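The values are calculated or read from the model by the stated rules, or taken from the named source; none is laboratory data. All values reported here derive from a predicted model rather than from experimental measurement. Because the Cβ atoms are built from the backbone with ideal geometry, glycine has one as well, and the counts that use them run over all protein chains shown. Quick note on the areas: whole protein, heavy atoms, side chains included, nothing else; ligands and nucleic acids left out. Shrake-Rupley method; radii C 1.70, N 1.55, O 1.52, S 1.80 Å.
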Amino acid sequence: MSEVKLAADVRTSFGKGAARSIRRENKVPGVIYGHGTEPVHVTLPGHELLLALRTANVLLSLDIDGKTELAIPKAVQRDAIKGYLVHVDLLLVKKGEKVTVEIAVETEGDLAPGSFLVENVLNTISVEAEATHIPTSVSVSIEGLEAGAAIHAKDIKLPAGTTLATDPEAVVIQILAAQAEEPAAETEGEGAEA
């Protein structure tokens with residue numbers, strides 16, 4: 001897991017106009033909360049934050065007025081059309097602390113020969129991991145599986161120090177038989193008189 005260092009400035013102006021002004025400066029308004037502390041409203045560098053958020057569950061090392069805080073993204077708001085960052089909520093974490101996050105499920109390997117389809121019932125699973133060692137994803141082998149096979153959350157091998165928070169019986173991936181479409185029956189007597 002990567003740790004990204006960002007400088008954050010405490011902000012004192014609030015509201016729609018202040019947020020627009022911050023975004024015009026290529027910065028992003030945000031709030032940091034957690035550990036029973038008062039929320040801290042900050043301004044973060046827009047481009048650096050956008051690059052950092054490309055990594056799922058990225059650990060951010062924030063320099064706030066000379067004090068370093070660790071945080072993970074909790075909620076990210078983007079503009080629906082242009083995609084730029086509108087606001088970000090960050091959760092304070094400490095080294096050694098366990099957090100519950102969603103991680104991506106990736107498949108590897110080839111199915112058994114035949115016409116089979118892979119259905120990803122869950123694209124992510126919830127896990128509990130140490131805040132400084134959050135896995136970005138987990139791989140699941142579908143090698144040689146046939147129709148009717150299913151992989152449950154409890155069957156997924158998790159990295160050391162990570163525990164499953166999703167229902168263990170939840171189906172994550174299932175293998176289906178491909179359905180062949182029947183050719184449309186030609187209607188008889190088209191254009192002919194009955």
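The residues of region 44-63 that are under 21 Å from TYR33 (Cβ atoms) and among the hydrophobic types (A, V, I, L, M, F, W, C), listed by number, are LEU44, LEU49, ALA52, LEU53, ALA56, VAL58, LEU59, LEU60, LEU62.
Among the strands (runs of 3 or more DSSP E) confined to region 53-142, there are none with at least 1 residues that are touching a Cys at 6+ places or on another chain (Cβ under 8 Å) and small (Gly, Ala, Ser).
Scanning region 1-29 for residues that are in a helix (DSSP H, G or I) and under 27 Å from the mean Cα position of the chain (by Cα) yields ALA19, ARG20, ILE22, ARG23. For first residues located in region 38-56 and touching a residue at least 40 places away in the same chain (Cβ under 8 Å) and of a type outside the set (Gly, Ala, Ser), partners that are in a loop (DSSP other than H, G, I, E, B) and surrounded by fewer than 17 Cβ atoms within 10 Å (Cβ to Cβ) and lie 6+ apart or on another chain with Cβ distances below 6 Å form the pairs THR55/SER2.
Candidates are the residues of region 92-131 that are open to solvent by 40 Å² or more (accessible area, probe 1.4 Å) and farther than 25 Å from LEU176 by Cβ; the one that is modelled with the highest pLDDT is GLU128. Taken together, the residues in region 30-52 that are open to solvent by 50 Å² or more (accessible area, probe 1.4 Å) and assigned to a helix (DSSP H, G or I) amount to 4.
Summed over region 5-17, residues that are free of Cβ contacts under 8 Å to residues at least 24 places away in the same chain and either closer than 20 Å to ILE72 by Cβ or surrounded by 15 or more Cβ atoms within 10 Å (Cβ to Cβ) (or both) total 0.
What is the residue count in region 143-157 for residues that are touching a residue at least 24 places away in the same chain (Cβ under 8 Å), assigned to a loop (DSSP other than H, G, I, E, B) and open to solvent by 40 Å² or more (accessible area, probe 1.4 Å)? Going through region 143-157 one residue at a time, the tally reaches 6.
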